[in-house]
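Below is one structure; the comments refer to it alone.
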Amino acid sequence: MIAKIAKIGGVAFAFVVVVGISAYLTLTLIIKSEDTVIVPDLEGKDVVYALELLTELELNTKVKGSEYTTDIPKNHVVFQEPQPGSEIKKGRDVKIIISKGPKTISMPNLIALSIQQANIILEENDMCQGELSRTYHTELEKDGIIAQVPAADAVITRGACIDLLVSKGARPGAFKMPDLAGLTLEDALQSIEKVNLTIGKLKSAYQKNKPRNIIVEQEPVSGQRVIIGSPVSMLINREPQINSAGFTNDLFDDFVKAGEEIWLLIPRDKEATLFLYENDRLVKTQSYDAY
């Protein structure tokens, strides 16, 4: 009787142990399945797609580097670690190497593109800008590409620098320099502005045999070929104004409201000329005799 009871008790104990182990294994499997994932196959996939996929699986992406490849396009995964099908815990790192594309490529055609567009294409293809030269061109606007070295479709190595010839736009119009001798400074300034020239250096030197406040010398000289925008320097017949700035002083340089009056003291112990600029454009000149 005792033996029978012991036998029944042993069976019951074994049953409890089996149930406990089964429950433990089941619970462990459930927990393990929740904490681990299967590493997907990323090789040949776009790097953005790979990043999104690993993020969804709660895995971290670590880029180990990049390398040139002939069979895998640029910005696609070349190698991964762990290998596809591996079981790892969530939150672990998956290391990848990204393709830089083939080492050699066909040189893109940059002709007629702007220098900004050309630089974007060069950067996208791991190339750099080499020598940059500029010249006038009758058809291409300013900053348009006239020529490139190497030429389009040439086989080049990534990392190479490309020399560019860039347009400065159409050549400015040229004409003979007008004669300013004998004109007052105000008339001379109006003359050079009419032909789209700019004001260069203004100097003074007194010559007794000539009228005061007229132009006695100019550079470029009368009749010389000049282009639009060239500066014109002039020598005025009057006693030089010498001060701390060498020749001129800025009496006022500030922003004012439209219609607001500006009062300034003009030195009158020597001959002086007031130049009034509005938004960096000369709008008026006024000469003052010494007294």
Original post:
So which of 156, 162 is more than 21 Å from the chain's Cα centre (by Cα), surrounded by 14 or more Cβ atoms within 10 Å (Cβ to Cβ) and part of a strand (DSSP E or B)?
Top reply: 156
**OP:** State the number of residues belonging to segment 87-105 that are within 30 Å of the chain's Cα centre (by Cα) and not in a loop (DSSP other than H, G, I, E, B).
**Re:** 5
Original post:
So which residues in segment 211-228 are in a loop (DSSP other than H, G, I, E, B), loosely packed, with under 12 Cβ neighbours inside 10 Å and in contact with a strand residue (DSSP E or B) (Cβ under 6 Å, 6 or more places away or on another chain)?
Top reply: 223
Original post:
Just a yes or no: is a residue in segment 67-86 closer than 13 Å to residue 40 by Cα, touching a Leu at 6+ places or on another chain (Cβ under 9 Å) and not in a strand (DSSP E or B)?
Top reply: yes
Original post:
Is segment 122-132 home to any residue that is surrounded by fewer than 15 Cβ atoms within 10 Å (Cβ to Cβ) and assigned to a helix (DSSP H, G or I)?
Top reply: yes
**OP:** Restrict the check to segment 173-194 and report whether at least one residue is at positive phi, surrounded by 12 or more Cβ atoms within 10 Å (Cβ to Cβ), at pLDDT 85 or above and not in a strand (DSSP E or B).
**Re:** yes
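The values are calculated or read from the model by the stated rules, or taken from the named source; none is laboratory data. This is a predicted model, so every value here is computed, not measured. Here the Cβ is made from the backbone with ideal geometry for all residues, glycine too, and neighbour counts use every protein chain on show.
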